[in-house]
Structures are given as C-alpha cells and as structure tokens.
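Heads up: the structure comes next, in structure tokens.
Read the figures in this text as sums done on the coordinates, not as results from a lab. Note that this is a predicted model, so its numbers are computed, not measured. Here Cβ is always computed from backbone atoms with ideal geometry, including for glycine, and neighbour counts include all displayed protein chains.
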C-alpha cells in the first residue's frame, strides 16, 4: 500500500519566477528546471481537474536527490482566482503550510529577512522541543521554519522524553 511521501505541489502564477525565488532566496536546489507538459497524457491525467486545454508548467526544487521535494506548478491556460489566499490565515481546510528544517533559526530568519522574505510572526517560539517561526512566499504559500533541539530525533519526536 502506501510507503512514503513524494512531494508537495505549490501552485504559483509564474513557475519561472517562483523557481528563481526558491533557489536564490531560500537556497533550494533546482532539481528539475521549468518544463512544459501538454497533450493527450496530461489531458488524461488532469483533464477532469483543470479546464481544457490542459497545459502544465512545472519545476522541482529541494535539498537533494530524494523524493521529499517541492513541485512548483503553473497552469498557464487556467484562470487564477483573485484575490490570492490570505497567507495570514492558516485555518482554512486544505494544505495550510510546509515545514522546513534549519540548523540555526535566528540566523536563518535574519538571512531570509535580508533577502526580503515576509515573516508572519514577529519572533521565534519554543514549542514541543522545537524552535519555530512562520513566513510566506510571494504567492501566499505559508512555511514554518523548524529548529530541532535534539538533532538525532525526527522533528515530530522532539517533545518525547
């Protein structure tokens, strides 16, 4: 049956710009540069979810060659809803945020602030053995930065004794 996570996909209005931002601002590796998909196979895959003609432009960014990556995705022929979602609201059903690990949350927050990243909270919190702070990308996708107290444990097991 199920045995792992592959990716999270973030819909953006311009995949080329988003790929640049995720690479230059957040420092993620471009694992697959932007590419365009159209034709019968993508119609078969998404034709019941996306208005015809189905055209997808996507890129893959991440931290290395494993399956835990972010897919940046654009539907250039589909109309984007206006206004975009409010990133300060994480209480709506659906994907609310992505968690990113860092070694030093204060230094990471400072560097991202210098690069123009908009943080959604004024500081850093200590929650269940993790240090946390929240930010949004330019398209309203929300992220939580996580610094683990005990590096030998996964982030979700930080609070255990």
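What distance in nm separates the two pseudo spin-label positions at residue 32 and residue 68, each 7 Å out from Cα along the beta-carbon direction? Once both label points are built, they end up 1.9 nm from each other. So what is Rg over Rh here for segment 98-157, counting just Cα atoms and using Kirkwood for Rh? Rounded to two decimals, Rg/Rh equals 0.96. Counting only DSSP beta bridges with both residues in the chain, the antiparallel share comes to about 75 percent.
Return the tail of the calculated pair distribution for the chain, meaning the percent of Cα-Cα pairs more than 26 Å apart.
Pairs farther apart than 26 Å: 34 percent.
Using bins of 5 Å that start at zero, the share of Cα-Cα pairs per bin across segment 7-74 amounts to 4, 18, 26, 23, 15, 10, 5, 0, in whole %. Take every Cα pair under 8 Å whose residues are at least 6 apart in sequence, average their separation, divide by the length of the chain, and the relative contact order is 19 percent.
Could you tell me how far the Cα centroid of segment 98-152 sits from the Cα centroid of segment 5-62, in Å? If you average the Cα positions of each part, the centres end up 24 Å apart.
Once both labels are positioned 7 Å from their Cα atoms along Cα-to-Cβ, the gap between residue 151 and residue 103 label points is 0.7 nm.
Return the calculated 222 nm mean residue ellipticity for the chain, to the nearest 500 deg cm²/dmol, obtained by summing -39500 (n - 2.57) across DSSP H runs with n ≥ 4 and dividing by the residue count.
Numbers: 3 runs with 27 residues, N = 161.
The per-residue figure over the chain is -4500 deg cm²/dmol.
Within the listed set 62, 27, 47, the residue fluctuating most in the Gaussian network model of the chain (springs between alpha-carbon atoms under 10 angstrom) is 47.
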